[in-house]
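One structure is given below, encoded as structure tokens.
The values are calculated or read from the model by the stated rules, or taken from the named source; none is laboratory data. Keep in mind it's a predicted model, so treat the numbers as computed, not measured. Heads up, the Cβs are rebuilt from the backbone with ideal geometry, glycines too, and the neighbour counts pull from every protein chain shown. Heads up: the accessible areas ignore ligands, DNA and RNA and are worked out on the full protein's heavy atoms, side chains in. Shrake-Rupley method; radii C 1.70, N 1.55, O 1.52, S 1.80 Å.
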Amino acid sequence: MSVESVDESGPLPRGRHGLTREQVVTSQYRRLCTAVLEAVGEQGYAATTVSDIVTRAQVARRTFYAVFGTKDECFAAAYDLAVGAALDQLKETVTGLQGVSFAERVRISFEIYLGVLSTQPGAARALYVETLAAGPGLVAHRARVHERFADYIMAVAHVGVRDGELPGEPDRQLVDMLLGGIDDRVRNCLHQRGAADLPQLVPLFTRTAIAITRIPAA
């Protein structure tokens with residue numbers, strides 16, 4: 001979920017650069033997504049303007065409106081892109097591990113995820129705190145991301161079932177409750193102690209996730 005995972009490159013070089021139109025648009029899209037996460041994380045959603053975003057992204061205002069209709073659209077796209085990048089990294093790193101117990105898979109998942117968040121305090125605040133301030137326009141995005149995280153946990157649990165470490169597929173509703181608790185504890189840590197302390201939540205999240213996923217679906 002890091003800003004770096006969203007941003008592919010810096011500003012495009014002036015003059016001829018040999019990039020295709022698709023590559024240019026992709027670069028601009030990602031730079032705008034990076035910029036909105038940084039701006040919102042530092043200034044808050046309400047205070048962030050399109051001018052703030054284009055200045056950070058080093059693109060023209062007309063470029064912004066060629067890609068996004070509003071600040072809301074840009075933030076929603078950045079939210080989806082950042083979380084998608086984090087989940088892709090987790091899947092590639094964790095589900096492919098060999099000779100690792102289910103409990104270790106769970107712990108490593110949280111270590112990776114919270115470790116990345118801890119190094120990107122602006123993005124962490126944007127994604128966990130300011131998404132609530134963004135209002136109803138982001139409700140569908142939050143719900144979709146919640147489902148993707150639940151799918152990831154179920155995939156890790158499936159490996160545990162396959163290896164005989166879990167009695168059966170976990171209750172999806174309990175996994176939803178787990179994710180709600182994780183969101184709450186992450187926000188609390190960001191408010192009370194800051195992003196740097198997020199890795200301290202790894203043991204709690206690991207114990208809770210293991211306990212919940214050991215309860216098979218009815």
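Its Cα centre serving as origin, the chain has a Cβ charge dipole (Lys and Arg +1, Asp and Glu -1) of approximately 520 debye. The label-point distance for ASP72 and SER51, in a model that sets each label 7 Å from Cα toward Cβ, rounds to 2.3 nm. The phi-based Karplus calculation (6.51 cos²θ - 1.76 cosθ + 1.60; θ = phi - 60°) puts the 3J(HN,Hα) values of region 60-70 at 6, 4, 5, 5, 4, 6, 6, 9, 10, x, 8 Hz, whole numbers, x for Gly and Pro. Taking amide H positions as placed in the peptide plane 1.01 Å from N, state which residues far from GLU169 in sequence (5 or more) or on other chains have amide H under 5 Å from it. Long-range HN contacts for GLU169: ALA217. Couplings 3J(HN,Hα) for region 102-117, derived from phi with the Karplus relation 6.51 cos²θ - 1.76 cosθ + 1.60 (θ = phi - 60°), are 4, 4, 5, 4, 5, 4, 4, 4, 5, 4, 5, 5, 6, x, 5, 4 Hz, where x marks Gly and Pro. Subtracting the Cα-Cα distance of ARG162 and ASP183 from their residue separation scaled by 0.36 nm leaves 4.7 nm.
Put a dot 7 Å past the Cα of LEU97, heading toward its Cβ, do the same for GLN23, and the two dots end up 3.7 nm apart. Set Lys and Arg Cβ to +1 and Asp and Glu Cβ to -1, take the dipole of the chain about its Cα centre, and tell me which of GLN192, TYR152, THR206 lies farthest positive. Positive-most Cα among the choices belongs to GLN192.
Please report, in debye to the nearest 20, how large the charge dipole of region 59-143 is about its Cα centre when each Lys and Arg carries +1 at its beta carbon and each Asp and Glu carries -1 there. Mind showing how you got there, number by number?
Numbers: 8 positive and 8 negative charges, 38 e Å.
For this selection, approximately 180 debye.
Summing -39500 (n - 2.57) over the DSSP H runs of n ≥ 4 in the chain and dividing by its residue number, what mean residue ellipticity at 222 nm do you reach, to the nearest 500 deg cm²/dmol? Please list the in-between numbers first.
Values: 10 runs with 142 residues, N = 218.
Value at 222 nm, helices only, nearest 500: -21000 deg cm²/dmol.
Remark: the chain carries 49 Å² of accessible area per residue (probe radius 1.4 Å; ligands, DNA and RNA excluded). The string of couplings for region 125-141 from the Karplus curve (6.51, -1.76, 1.60, θ = phi - 60°) is 5, 4, 7, 9, 10, 6, 4, 6, 6, 5, x, x, x, 9, 4, 4, 5 Hz, one whole number per residue in order, with x for Gly and Pro.
I want the local charge near ALA209. Using Cβ-Cβ distances under 11 Å, sum +1 for each Lys or Arg and -1 for each Asp or Glu among the other residues. List each step's numbers first, then the result.
Working: positive: ARG105, ARG107, ARG207, ARG214; negative: none.
Once all neighbours under 11 Å are counted, the net charge is +4.
Size of the dipole of region 166-218 about the Cα centre, Lys and Arg at +1 and Asp and Glu at -1 on the beta carbon, nothing else charged, in debye to 20?
Working: 6 positive and 6 negative charges, 33 e Å.
The dipole magnitude comes to about 160 debye.
Annotation: average projected area of region 13-124 is 8.9 square nanometres, based on the convex hull of Cα atoms across all directions.
Calculate what fraction, in whole %, of the accessible area of the chain sits on carbon and sulfur atoms when a 1.4 Å probe is rolled over the protein chains. Mind dumping the intermediate values first?
Working: 5630 of 10660 Å².
C and S fraction of accessible area: 53 percent.
Note on region 56-120: dipole from Cβ charges, positive end direction compared against TYR113, LEU90, THR70; the farthest Cα belongs to THR70.
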